[in-house]
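Below you'll find the structure, written out as C-alpha cells, and then a few comments.
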Amino acid sequence: MIGDIRIWVKKDSPTSGKYLLIWTPGGKWKEEIVLDGYKRIRIGDGKQFSQIRNTDMEYLPVFELERLMDVSRELKPKEGVRLSRARPEKINGQDAECIKREWSGGYAESMCFDPKSGALLTNVRGKSKYEHPLSFRSEEYSQFQQWEGKIYPRTMRGFDGKQLLFEVQLEEIKTLSDLSPDFFAPPKDSVLWADCTEGRMWKIKERAQPVYPESARTRGIEGIVVLYGVIEADGTVSSLSPAYPTGTELDQAATSAVSRWRYVRDACPEAAGRTETVIDVIFELRH
C-alpha cells in the first residue's frame, strides 16, 4: 500500500508527503511516513514494533493522521455508548444508512455506511469548545477496494467544518514480488514499542485533577493543553512535554497533574512494553 499525504498545518499551504505500508499474511508489517522535515519507519508483528524517526517526540499531526487512517479501531464498540438509528443521508450522491452514537456526557457523533458493503462513508462529531487547530471533526472515506475479504478506503479526508485538514490518497493495493530476507529486520538504533490491534491498550486507573492556577483564573485564561507522553510498561507516565502548548501557566499545571496519572492494561496483555500517547487537558472557567 503506497500513497500521498497532505496535511494543512497552515490553512493555505499543505505539507505533502508519502505513505508506505507492506504486510504479510503472517502478521509482519513495515510502515514508512515521510513529510517535510519528518521521517518515521516502523517494523512490527502485531505485538511490538521497532521504530526509528528523526524527532525525539511524535509530531502531533501524525497522531491525527493515524486516527484518520485507523478505520477499524474507529468502528470498535465503546463502553457506555448508546446507539440509535439516524435519518438516512445522501453521501456524494450515494444512499447511506446512518447511526448516532451518544456518550453519557452529552458527546455524540453520526456515522453513515454504505448499506450494500457496510463500509464507513462518513463520521461527524459534535463540536467541542476547546480543540487544537489540527483536530478534525469529520471524516470521509471513498474509493474502496476489496482485498482478501476486507474493504479498504483508498481516499481518506479529515475536516474541521468545511476546512480540509488531512488527505490520504492511496494507490491500488497489490501483491508484491519476493522481499529480501532482511526486509523486516529492525533498523539500526531503532526503539522497541508495544503494539495493539485489538483496541485501546490502556485505560486510566488513577487520574489526578489539575489545579487551576489562581493567576490564570484571575485573568480569565482558559484553553486546552495537548501533552505528548510515554505510558511505561508499569502504567506510569514519563517524557511529558506540551505538543500543543498554551504558552501560559496552564501548561505546567497540566503536566504536573498528568505526571501522577496511572494506567492499567485494557487490551493486548501479551504486548509488553511502553507506548506513546497524546493527552488533552481542558481548563474551563464556569460561571
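The values are calculated or read from the model by the stated rules, or taken from the named source; none is laboratory data. Model, not experiment: these values are computed from the prediction. For neighbour counting, all protein chains shown are included, and Cβ atoms are generated from backbone atoms with ideal geometry for every residue, glycine included.
Residue under question is Asp56, and the condition is that it be over 24 Å from Gln169 (Cβ atoms) and touching a Gly at 6+ places or on another chain (Cβ under 9 Å); does it hold? I'd like the intermediate steps shown before the answer.
Working: over 24 Å from Gln169 (Cβ atoms): yes; touching a Gly at 6+ places or on another chain (Cβ under 9 Å): no.
No.
What's the number of the only condition in (1) farther than 30 Å from Arg265 by Cβ; (2) in the same structural domain as Lys100 (by TED's automatic domain parsing); (3) out of contact with any Pro (no Cβ under 6 Å at 6 or more places or on another chain) that Lys150 fails to meet?
(1)
Say whether the condition of being crowded, with 17+ Cβ neighbours inside 10 Å and of a type outside the set (Gly, Ala, Ser) is met by at least one residue in segment 173-183.
Checked segment 173-183: no residue is crowded, with 17+ Cβ neighbours inside 10 Å and of a type outside the set (Gly, Ala, Ser).
So for segment 192-202 (the condition being more than 29 Å from Lys39 (Cα to Cα), charged (D, E, K, R), at pLDDT below 95 and outside any strand (DSSP E or B)), does at least one residue qualify?
Pass one, segment 192-202, residues more than 29 Å from Lys39 (Cα to Cα): none.
No, segment 192-202 contains no residue that is more than 29 Å from Lys39 (Cα to Cα), charged (D, E, K, R), at pLDDT below 95 and outside any strand (DSSP E or B).
What are the residues in segment 48-69 that are acidic (Asp, Glu), outside any helix (DSSP H, G or I) and either closer than 17 Å to Leu134 by Cα or modelled with pLDDT of 95 or more (or both), if any? Please lay out each step first, then the result.
In the first step, residues of segment 48-69 are kept if they are acidic (Asp, Glu); the result is 56, 58, 64, 66.
Imposing the further condition that a residue be outside any helix (DSSP H, G or I) reduces the set to 56, 58.
Listed by number, the list holds a single entry, Glu58.
Of the residues in segment 1-28, how many are within 25 Å of Gly44 (Cβ to Cβ), of a type in the set (D, E, K, R) and at pLDDT 95 or above?
Here is the first cut: in segment 1-28, the ones within 25 Å of Gly44 (Cβ to Cβ) are 1-5, 7, 17-28.
From what is left, the residues that are of a type in the set (D, E, K, R) are 4, 18, 28.
Okay, now just the ones that are also at pLDDT 95 or above, so 4, 18.
Selection size over segment 1-28: 2.
Could you grab me the full set of residues in segment 143-166 that are under 22 Å from Leu21 (Cα atoms), over 18 Å from the mean Cα position of the chain (by Cα) and not in a loop (DSSP other than H, G, I, E, B)?
Within segment 143-166, Gln143, Phe144, Gln145, Gln146, Trp147, Lys150, Ile151 meet the criteria.
Under 13 Å from the mean Cα position of the chain (by Cα), more than 21 Å from Ile2 (Cβ to Cβ) and either of a type outside the set (Asp, Glu) or assigned to a strand (DSSP E or B) (or both) - does that describe any residue in segment 35-47?
Just the residues of segment 35-47 that are under 13 Å from the mean Cα position of the chain (by Cα), to begin with: none.
The answer is no, given that none of the residues of segment 35-47 is under 13 Å from the mean Cα position of the chain (by Cα), more than 21 Å from Ile2 (Cβ to Cβ) and either of a type outside the set (Asp, Glu) or assigned to a strand (DSSP E or B) (or both).
State whether the residues of segment 12-19 include one that is surrounded by fewer than 12 Cβ atoms within 10 Å (Cβ to Cβ) and out of contact with any Gly (no Cβ under 7 Å at 6 or more places or on another chain). Steps first, answer last, please.
Filtering segment 12-19 for residues surrounded by fewer than 12 Cβ atoms within 10 Å (Cβ to Cβ) gives 12-13.
With out of contact with any Gly (no Cβ under 7 Å at 6 or more places or on another chain) added as a condition, the list becomes 12-13.
Checked against the condition, which is being surrounded by fewer than 12 Cβ atoms within 10 Å (Cβ to Cβ) and out of contact with any Gly (no Cβ under 7 Å at 6 or more places or on another chain), segment 12-19 yields at least one hit.
Which of the residues that make up segment 251-275 are buried (at least 17 other Cβ atoms within 10 Å of the Cβ) and among the acidic types (Asp, Glu)?
Asp251
Among the candidates Gly46, Gly27, which residue alone is free of Cβ contacts under 8 Å to residues at least 40 places away in the same chain and either out of contact with any Pro (no Cβ under 6 Å at 6 or more places or on another chain) or crowded, with 18+ Cβ neighbours inside 10 Å (or both)? Before the answer, list the steps.
Working: Gly46 fails: free of Cβ contacts under 8 Å to residues at least 40 places away in the same chain.
Answer to the selection: Gly27.
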